[in-house]
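Below is one structure, written out as C-alpha cells; the observations come after it.
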Amino acid sequence: MVVFCFLVDQTKKVRSYKPWAGSCSRCGGGASVADMKTATRFCFVPFYWKNWRAIVCTFCGATLKSYR
Ligand SMILES: [Zn+2]
C-alpha cells in the first residue's frame, strides 16, 4: 500500500458551547458562542493549531460571526 505523505488537512473541534443572546439570521434558530480549536496536520501529525471563538447557529450550523 502506498502511503501519501503530502497530506495536509484541518480538523475543527468545538471545545465548548455557551448560550448567546441572539438568533440566527438565516433560520431564526438559537445561536451559541462556540470555542473552537482548529488543528492543521501534516501526515496526520499536528504541527499548528489555534483557538478561536465564533458565534454559530446550533440549528443550521451557520457561522454568524467569528473572532480571531
Ligand atoms: Zn440557523
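Structure notes:
- All positions within the stretch 20-36 that are assigned to a strand (DSSP E or B) and within 14 Å of V56 (Cβ to Cβ): W20, G22, S23, G30, A31, S32, V33, A34, D35, M36
- Taken over the stretch 18-65, the criterion of being in contact with a Gly (Cβ under 9 Å, 6 or more places away or on another chain), exposed (fewer than 13 other Cβ atoms within 10 Å of the Cβ) and in contact (Cβ under 8 Å) with a residue 24 or more places away in the chain is satisfied by C60 alone.
- Residue in the stretch 35-52 that is at pLDDT 90 or above, within 16 Å of the ligand (Cβ to nearest atom) and touching a Phe, Trp or Tyr at 6+ places or on another chain (Cβ under 8 Å) present: no
The values are calculated or read from the model by the stated rules, or taken from the named source; none is laboratory data. Note that the coordinates shown come from a computational prediction; the quantities given were computed from them, not determined experimentally. So basically every Cβ, Gly included, is an ideal-geometry build from the backbone, and we count neighbours across all protein chains shown.
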